[in-house]
Amino acid sequence: MRYPNQKWFLLFGVCLFTAIASLAFSAQKAPSLAYEEIVVRLEVPRLLQRDITAQYRDTSVYLPLLEIFSLLDINTEADFQNKAFSGYLAEKGNKYIIDLAEGKAKFMGREMTLDDMDYILTPTDLFLSIPVYDSLFRMKMTFNFSGLSIYLPLNKDFPAYQKLARKLTHQEFMASSALKKDLLRLPYKRVLFGGGVADWAITTSPIGGGGHYGSLSLGGMALGGDLAMDGTANSM
């Protein structure tokens, strides 16, 4: 009776062990697709501060496209069935397209490839990673983990800021108009021949030798102005 060569059994065992070890190592290194929902504070200086829902996976934060663009008043159309999102910033010529089925995103001549680690798609929103916002839309967001806050520098091209600026300008104009209505312009007018009033005073005092010293003061309003006259006299 012949037994199989032990060398082949040993080689097979080594190959099997190597394959199992490789699969285990790959499973440990592969990023997890599980995510956790958190609430963060979005701040755009001079425009808004608002709590929004975000997703946290591994060490990355994913922010909601539809919610943020709605706050910034940026046009957005969502097709969840075909996993497609599109819209434009400020002007219709500045159109963006995000096609998850093809794994591509385009905006202002820029095109990038999206993989599973760049986004999280939920039934209500598309959550993009912070680097995607920067690379695609030039929105340089900063995440503060200790304060759970997102800082987005103000871009004056944001439609929400332009709308706010127009509103403030209109309010200032209306306030200025209301102030002018409360002012009454008084015309300058001089009455040359009108009635007037006058007052007078006479004082005397002896100065010796049978003489007297006196003074006369006259005052009044005539010819549209004030008049005053003073005089002195003595009997010597």
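A short reminder: the numbers here are calculations on the coordinates, not readings from a lab. Please read all numbers here as calculations on a predicted model, not as lab measurements. Positions of Cβ are backbone-derived with ideal geometry, glycine not excepted, and every protein chain shown enters the neighbour counts.
Please identify every one of the GluC sites (Glu not before Pro) in segment 40-97 that sits in a loop by DSSP and has no more than 12 other beta carbons within 10 Å of its own beta carbon.
Details: sites: Glu43, Glu67, Glu77, Glu91; in loops: Glu91.
Passing sites in segment 40-97 are Glu91.
Over segment 59-106, what portion of Cα pair distances is larger than 17 Å, expressed as a whole percent?
On the way: 428 of 1128 pairs.
Result: 38 percent of Cα pairs exceed 17 Å.
Apply the Karplus curve 6.51 cos²θ - 1.76 cosθ + 1.60, θ = phi - 60°, to the phi angles in segment 129-139 and return the couplings in whole Hz, x for Gly and Pro.
6, 4, x, 5, 4, 6, 5, 8, 9, 6, 9
Need one number: nm distance between label points at Ala165 and Thr124, each 7 Å from Cα along Cα→Cβ, rounded to one decimal.
3.3 nm
From the alpha carbon gyration tensor of segment 101-142, can you work out the equivalent ellipsoid semi-axes (sqrt of 5 times each eigenvalue) and give them in Å, largest to smallest? Walk me through the numbers before you get to the answer.
Working: eigenvalues 55, 39, 15 Å².
For segment 101-142, the semi-axes come out at 17, 14, 9 Å.
Test of understanding: ordering Met112, Met174, Met139 by Cβ neighbours within 10 Å, fewest first, what list do you get? Please report the intermediate quantities before stating the final value.
Working: Met112 15, Met174 10, Met139 19.
Ranking Met112, Met174, Met139 by Cβ neighbours within 10 Å, fewest first, gives Met174, Met112, Met139.
Would you pull out the residues with amide H under 5 Å of Ile38's amide H, same chain only if 5 or more places away, H placed 1.01 Å from N?
Ala54, Gln55, Tyr56
For a quick check: sort Tyr96, Tyr62, Tyr35 by the number of other beta carbons within 10 angstrom, fewest at the front. Show your work: numbers first, answer last.
Numbers: Tyr96 21, Tyr62 26, Tyr35 16.
In increasing order of surrounding Cβ atoms, one gets Tyr35, Tyr96, Tyr62.
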